[in-house]
Amino acid sequence: MQNDRASASSDCPSEQKGPPTPDPLSDVLRAVRLTGGVFLDVRLTAPYSVVTTLMAEDCRSILQDPLQLIFFHVVLAGYMLLQIEGEPPLEVEGGEVVLLTHNDVHTLSSAPGLAPIDGQSLMRLSEGGGLTRIVHGGGGEETHLICGFLGSSEAINPVFALLPRALKLDLRQAASREWVESSVRFAVAELVEGRLASSGVMSHLSEVLFVEAVRHFLERREDHAGWLRGFQDPHIAQALALIHRDVRTEWLTADLARAVGMSRSTFVERFTDLLGVPPMRYQRQWRMQLACQQLREGRPGISQIAYDVGYDSVEAFSRAFKRVMGTTPADWRKASKRPA
């Protein structure tokens, strides 16, 4: 696909309200630096069956070297079955969105048992310069969806590994329903006029859809382990948001406990039970994840990276980095650039 097919920018229409005020969950999810956009307008008529996955080139104009990708479909009208190998089929209808959190190859079909065609072979550039389009099927009932992505260049990401392979969200039940619906309407209006939905609203929309889907997943499940369990406790969720909001802030355990309205002993016990590590160790691990990202991206100075992640000296940063990662920042940078 061409590099200009994805759409996301900072031009926000004046009639659009901004996205919802951040909360602990969205604060932490945004801290993993997800970037999103939309790139595809799909109209399928029954009978149809299309097999597809998100390719790195589909979002190349926004993400140069994505290491993590989420593919999502917003169903504007109609009905489809989504099938991932090894998983039960998922029914999705108008007003719902489904996110493929591990970017698995999947099939979209009007009914089970149909032979699928490769979705990449169906993609066509729009004559008016709008989103790439797929128009396919037997001429029956139409399913209309827009497709987008979220991506991250971070190799270490606690979110992706703990989520199910597909998350479905009913937009009519989303906590941010009004903003999401108005953003989807804006995108559709742009598509109808043959224009790229190039507003920053689309980037925000991708992010909000992910946050809402994870929130919905958490609300419906009680058996999470590790990182996600922290959001089931409002005090620990608030502490996570504080840690992630400004990596340079040197939080002491007592200060975090006070900020979330808990005693120090109770806070440490609950945080460690839910996250598997004490608060200060969690903060160090998070800083090292961010440092690894900067080292991988080839930022020039280790002293600047040390400052960016909250250390006032290279020596202190290097000691902390080696405790967590098992090697020095300089050696880690060299190893990350070696061919696999």
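The values are calculated or read from the model by the stated rules, or taken from the named source; none is laboratory data. Only a predicted model underlies this, so the values are computations on that prediction, with no experimental measurement involved. In this analysis, Cβ positions are derived from the backbone assuming ideal geometry, glycine residues included, and neighbour counts consider all displayed protein chains.
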Next item on the list: Output the strands (runs of 3 or more DSSP E) that fall wholly within the range 61-152 and possess 2 or more residues being among the β-branched types (Val, Ile, Thr), or say none.
Entry: 68-77, 96-100, 132-137, 142-152
Check: Could you say which residue among VAL247, VAL201, VAL214 is at pLDDT below 85 and more than 29 Å from SER182 (Cα to Cα)?
Finding: VAL247
Next item on the list: Could you tell me which residue of the range 256-268 is surrounded by the most Cβ atoms within 10 Å (Cβ to Cβ), considering only residues that are over 30 Å from the mean Cα position of the chain (by Cα) and not in a loop (DSSP other than H, G, I, E, B)?
Entry: ARG264
Notebook entry, point to check: Of these, GLU91, GLU127, which one is at pLDDT below 95 and either of a type in the set (D, E, K, R) or surrounded by fewer than 20 Cβ atoms within 10 Å (Cβ to Cβ) (or both)?
Noted result: GLU127
Check: ALA259: in contact with a Leu (Cβ under 7 Å, 6 or more places away or on another chain), more than 27 Å from ASN103 (Cα to Cα) and either hydrophobic (A, V, I, L, M, F, W, C) or at pLDDT 80 or above (or both), yes or no?
Finding: yes
Checklist line | Search result, residues across the range 297-320 that are out of contact with any Leu (no Cβ under 9 Å at 6 or more places or on another chain) and either at pLDDT below 90 or hydrophobic (A, V, I, L, M, F, W, C) (or both) | finding: GLU297, GLY298, ARG299, PRO300, GLY301, ALA306, VAL314, ALA316, PHE317, ALA320
Next item on the list: Could you tell me whether ARG281 is within 16 Å of TRP251 (Cβ to Cβ) and surrounded by 12 or more Cβ atoms within 10 Å (Cβ to Cβ)?
Entry: yes
